[in-house]
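This report concerns only the one structure given below.
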């Protein structure tokens with residue numbers, strides 16, 4: 001269906017890929033992966049015609065329809081959320097508008113000839129509308145919006161009343177309702193909660209067309225794709241299978257490449273040592289010259305980028321008491337904008353113990369972030385108590401934490417404020433742990449990506465020794481590689497963690513205990529998120 005053949009594409013004077021090829025067959029579901037800046041989104045822009053290519057060929061059927069969801073939602077105004085989605089329904093939307101205009105004309109006085117012409121046109125348009133599934137499209141739009149977390153009442157609200165994250169869902173619904181032949185999705189799980197991610201996952205698995213997507217959610221990709229297209233090393237490489245299959249094959253290739261790199265470096269060092277040793281001797285002139293020419297012709301093996309990734313470890317924390325947080329009869333109410341109280345949960349009880357790694361789960365709006373705020377002493381319970389134990393040193397990360405960064409400061413200046421007595425070497429060592437090295441420490445906060453800002457905030461939290469980490473969606477904005485680095489660090493953290501995340505793979509890997517918040521009640525489960533899911537599935541079967 002889509003053929004990407006020997007494509008060369010440069011951006012800003014740098015070649016993203018040279019002689020790159022892959023193909024997408026009808027009904028295939030493909031994940032596009034690679035480091036930031038390697039050209040993943042550029043593949044999408046080339047396929048939509050927004051970007052050209054320097055050489056090669058991109059071919060696809062002329063009548064193919066392409067739907068492209070990107071992080072740029074564009075301008076939305078003047079419609080309800082539902083109408084915004086319906087307006088994007090391709091030819092159906094245009095047919096519906098023409099039908100409405102013809103119906104308006106038919107309600108006006110017309111002579112016989114004009115009436116006949118309008119009726120004939122109306123019949124043709126109505127037939128096309130029916131054949132295209134126009135009468136089902138509104139039901140489809142309502143279903144998709146509900147699946148993405150926008151209920152029937154909210155669907156009638158003006159799009160201007162929605163925040164950026166919710167507008168992103170409306171933009172996604174507009175693409176999904178089109179049901180194009182080819183669906184391009186750039187980070188579709190950003191701004192979605194767990195329930196919406198699971199719904200979207202099911203929808204995409206059943207989608208009959210061709211899907212190409214990028215995602216930072218490993219489990220989401222594992223459950224959907226059967227082919228991986230990697231943009232890296234200036235080319236495109238195709239792997240069969242899901243993300244786990246790709247990672248195993250990539251790691252094997254990287255091990256082979258690293259071994260080849262080491263062998264070549266040893267050989268180069270030996271040859272260069274010979275040249276340096278005998279360059280001044282006339283008796284060895286021909287041998288020296290021969291080896292110089294040999295080195296000039298050798299194609300150098302480059303070390304895989306993944307082999308250069310720095311792993312960071314949190315500093316060893318001071319020991320806290322055995323009871324880190326005690327929750328006794330706690331409840332919380334917020335006041336709505338209309339002044340009415342909103343009960344979040346009631347009568348919460350439990351103890352978080354030292355070395356617990358607690359996953360807090362529940363549907364969007366259940367009160368997960370509220371519970372974390374209570375634990376972090378950022379708000380008071382309406383009734384009951386949430387109290388930290390003895391010798392607890394707490395670090396709290398929330399999405400609002402990124403807003404506290406000073407855009408005018410550099411990374412080094414921002415972190416050094418959190419540790420005013422530390423030496424330059426100590427600050428640089430900490431920043432190195434969070435993947436900021438060399439000139440990166442002098443980048444201004446205003447120029448950082450969302451993932452880089454998250455790493456700065458985490459570095460500031462760890463600038464002092466903490467034994468309790470309370471983390472609300474720390475994986476937002478992080479790419480797959482950065483998530484794996486953070487996951488590894490949290491697995492080895494020698495303190496207590498309370499964690500909210502919509503990344504299921506991340507939760508399964510890190511947690512050893514679970515707190516469920518649902519219908520205003522709280523319940524602790526002994527076992528991590530994977531064990532919690534197993535128990536819930538068993539309960540569902542029993543019911």
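The values are calculated or read from the model by the stated rules, or taken from the named source; none is laboratory data. In this text the structure is predicted, and so the values were computed from the model without any measurement. With ideal geometry, Cβ positions are generated from the backbone for all residues, glycine too; neighbour counts draw on all protein chains shown.
Pick from 48, 42: which is within 26 Å of residue 230 (Cα to Cα), touching a residue at least 12 places away in the same chain (Cβ under 8 Å) and surrounded by fewer than 17 Cβ atoms within 10 Å (Cβ to Cβ)?
Details: 42 fails: surrounded by fewer than 17 Cβ atoms within 10 Å (Cβ to Cβ).
Answer to the selection: 48.
What single numbered condition from (1) farther than 18 Å from residue 87 by Cβ; (2) in a helix (DSSP H, G or I); (3) at pLDDT 90 or above fails to hold for residue 151?
Answer for residue 151: the failing condition is (2).
What is the number of the single condition among (1) touching a strand residue (DSSP E or B) at 6+ places or on another chain (Cβ under 7 Å); (2) more than 17 Å from residue 238 (Cβ to Cβ) that residue 61 does not meet?
Evaluating residue 61 over (1) touching a strand residue (DSSP E or B) at 6+ places or on another chain (Cβ under 7 Å); (2) more than 17 Å from residue 238 (Cβ to Cβ) leaves (1) as the failure.
Just one of (1) within 16 Å of the chain's Cα centre (by Cα); (2) farther than 30 Å from residue 166 by Cα trips up residue 261, so point out which.
Residue 261 satisfies every listed condition except (1).
Pull out all pairs, ordered by first then second residue, where Cβ-Cβ is under 7 Å, the residues are six or more apart or on different chains, the first lies in region 86-101 and is on the phi < 0 side of the Ramachandran plot, and the second is modelled with pLDDT of 80 or more and in a loop (DSSP other than H, G, I, E, B).
Note: pairs meeting the criteria are 87/79.
Rundown of residues vs (1) touching a strand residue (DSSP E or B) at 6+ places or on another chain (Cβ under 8 Å); (2) in the same structural domain as residue 87 (by TED's automatic domain parsing); (3) farther than 17 Å from residue 191 by Cβ; (4) without any contact (Cβ under 8 Å) to a residue 12 or more places away in the chain, yes/no style:
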| position | (1), (2), (3), (4) |
| --- | --- |
| 131 | no, yes, yes, yes |
| 142 | no, yes, yes, no |
| 150 | no, yes, no, no |
| 153 | no, yes, yes, yes |
| 156 | yes, yes, yes, no |
| 169 | no, no, no, no |
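Given the options 125, 177, 118, 139, name the one that is in a helix (DSSP H, G or I) and loosely packed, with under 14 Cβ neighbours inside 10 Å. If you could, list the steps in order and put the result at the bottom.
Working: 125 fails: loosely packed, with under 14 Cβ neighbours inside 10 Å; 177 fails: loosely packed, with under 14 Cβ neighbours inside 10 Å; 118 fails: loosely packed, with under 14 Cβ neighbours inside 10 Å.
Of the residues listed, the single one that is in a helix (DSSP H, G or I) and loosely packed, with under 14 Cβ neighbours inside 10 Å is 139.
Please specify each residue of region 358-376 satisfying the condition of being in contact with a helix residue (DSSP H, G or I) (Cβ under 6 Å, 6 or more places away or on another chain) and within 16 Å of residue 535 (Cα to Cα).
Matches in region 358-376: 359, 360, 362.
Do the conditions hold for residue 350, that is, is it in a loop (DSSP other than H, G, I, E, B) and either exposed (fewer than 14 other Cβ atoms within 10 Å of the Cβ) or touching a residue at least 40 places away in the same chain (Cβ under 8 Å) (or both)?
Numbers: in a loop (DSSP other than H, G, I, E, B): no; either exposed (fewer than 14 other Cβ atoms within 10 Å of the Cβ) or touching a residue at least 40 places away in the same chain (Cβ under 8 Å) (or both): yes.
So residue 350 does not fit the description; no.
Out of the residues in region 458-477 that are touching a strand residue (DSSP E or B) at 6+ places or on another chain (Cβ under 6 Å) and outside any loop (DSSP other than H, G, I, E, B), which is nearest to residue 187 (Cα to Cα)?
Ranking the candidates gives 472 first.
State all residues of region 52-99 that are at pLDDT below 90, surrounded by 15 or more Cβ atoms within 10 Å (Cβ to Cβ) and over 28 Å from residue 131 (Cβ atoms); if no residue qualifies, say none.
70, 73, 76
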